[in-house]
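Some notes on the structure that comes next.
The values are calculated or read from the model by the stated rules, or taken from the named source; none is laboratory data. Treat the numbers as computed from the prediction; the structure is a model and nothing was measured. Cβ coordinates were reconstructed from backbone atoms using ideal geometry, including for glycine residues, and neighbour counts include every protein chain displayed. In case anyone asks, the SASA skips ligands and DNA or RNA and just uses the protein heavy atoms, side chains included. Shrake-Rupley method; radii C 1.70, N 1.55, O 1.52, S 1.80 Å.
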Amino acid sequence: MPIQILPARLANQIAAGEVVERPASVVKELVENSLDAGATRIEVDIEKGGAKLIRIRDNGCGIGKDELTLALSRHATSKVSTLEDLEQILSLGFRGEALASISSVSRLTLTSRPAEQSEAWQAMASGRDMEVKLQPASHPQGTTLEASDLFFNTPARRKFMRTEKTEFSHIDEVIRRIALSRFDVDLVLRHNGKQVRQYRAGRLPSQQDKRLAAVCGPAFMNSALKLDSEHHGLRLWGWLAPPSAARAQPDVQYTYVNGRMMRDKLLNHAVRQAYGDRLPAEGHAAFVLYLELDAREVDVNVHPAKHEVRFHQSRLVHDFICQVLLQVLERQQLQQPRVDTD
Ligand code: ADP
Ligand code: MG
């Protein structure tokens, strides 16, 4: 075969292989876009576990008519323009890949209206060159993205989709994670026309507690130790279950770095080390932890789905987390009534 430039759709489908693993990954990318757009209310509608329809509607800043085509193109982003930007990312997105990838493996329509535009427009990309067609539409300020028939044109990926129930439970988990990352945003999740979750916005501690209980369960909420520590530009806050409230499953383990949900090895290691041998044999730690640090101290451009980060001073970060948690656990232990063992 001669060397040739891939048609746009195929190139985007290859990129989609990295970020669009299943319906839940589409939901994650789209809700993150809504958050980056400053939305304060996001509604997520799912049909058939996301295989049939994923619809995300927000009240964010919207996209102007003349930028809709760009929004669907690969390597098109409003979030970074220089290497310096990339080295101090505050937005959740920055790769300019999500919309192009998702639209190459589904039937995607993008409808949007920014505040300053009197009418809304809808965009859809089709064909091997992903040519974008625009038509007038009706929409309040904000954006709606609809991705239907996910993986209809990529049979190999479609085969890997699990049952409706399993796929939906992954979506539910993504929404939980996001709900804990932004207490100030209203989130609604519906499945097959039925409302499944509603997380109301609120910044007051009592409202935060309510959301924490809704996401993590009242048992975690009632036992969790609240923490908030700062040292040398690092801040760690959140909630930690004492060993006596260890869980049978590792189902409440949420970590965020600068508001971004993570599954980070270093963080997990630090938590495990802090608990040490305090946990009962079959018990799992439970925590919701937020690490905040200067954006220049952490590299988020490590993994296409952005599940991992790299800290410039990883030892320092690790030891800080470990020490803060250790103090919280030790303090709690001292307050426990003494049990004589001999
Ligand atoms: P990225 O998020 O990495 O920039 P995406 O492909 O996810 O790339 O989105 C491309 C661009 O489209 C974004 O940079 C943003 O300008 C715009 N966009 C996407 N979703 C929304 C939304 N819900 N509201 C406003 N603008 C959006
Ligand atoms: Mg994005």
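Residues that are under 20 Å from residue 104 (Cβ atoms) and surrounded by fewer than 16 Cβ atoms within 10 Å (Cβ to Cβ) within region 146-167 comprise 149, 152, 153, 155, 156, 158, 159, 160, listed in sequence order.
Let's see how each residue does on (1) in contact with a strand residue (DSSP E or B) (Cβ under 8 Å, 6 or more places away or on another chain); (2) within 20 Å of residue 27 (Cβ to Cβ); (3) away from ligand 2 (no atom under 16 Å from the Cβ):
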| residue | (1), (2), (3) |
| --- | --- |
| 115 | no, no, yes |
| 126 | yes, no, yes |
| 133 | yes, no, yes |
| 136 | yes, no, yes |
| 142 | yes, yes, no |
| 145 | yes, yes, no |
| 156 | no, no, yes |
| 159 | no, no, yes |
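Filter region 86-105 for residues that are in a helix (DSSP H, G or I), within 12 Å of ligand 2 (Cβ to nearest atom) and of a type in the set (S, T, N, Q) and give the result. Matches in region 86-105: 101 only. Scanning region 12-22 for residues that are of a type in the set (A, V, I, L, M, F, W, C) and at pLDDT below 90 yields 14, 15, 16, 19. Between 270, 305, the distinction of being open to solvent by less than 50 Å² (accessible area, probe 1.4 Å) and either at pLDDT below 90 or assigned to a strand (DSSP E or B) (or both) belongs to 305 only.
The number of residues in region 33-44 that are closer than 16 Å to residue 186 by Cβ and within 10 Å of ligand 2 (Cβ to nearest atom) comes to 3.
Answer yes if at least one residue in region 58-69 is more than 13 Å from ligand 2 (Cβ to nearest atom) and in contact with a Phe, Trp or Tyr (Cβ under 8 Å, 6 or more places away or on another chain), and no otherwise. Taking every residue of region 58-69 in turn, at least one turns out to be more than 13 Å from ligand 2 (Cβ to nearest atom) and in contact with a Phe, Trp or Tyr (Cβ under 8 Å, 6 or more places away or on another chain). Residue pairs whose Cβ atoms lie under 9 Å apart, separated by 6 or more positions or on different chains, with the first residue in region 175-189 and closer than 13 Å to residue 260 by Cα and the second among the acidic types (Asp, Glu), are 178/32.
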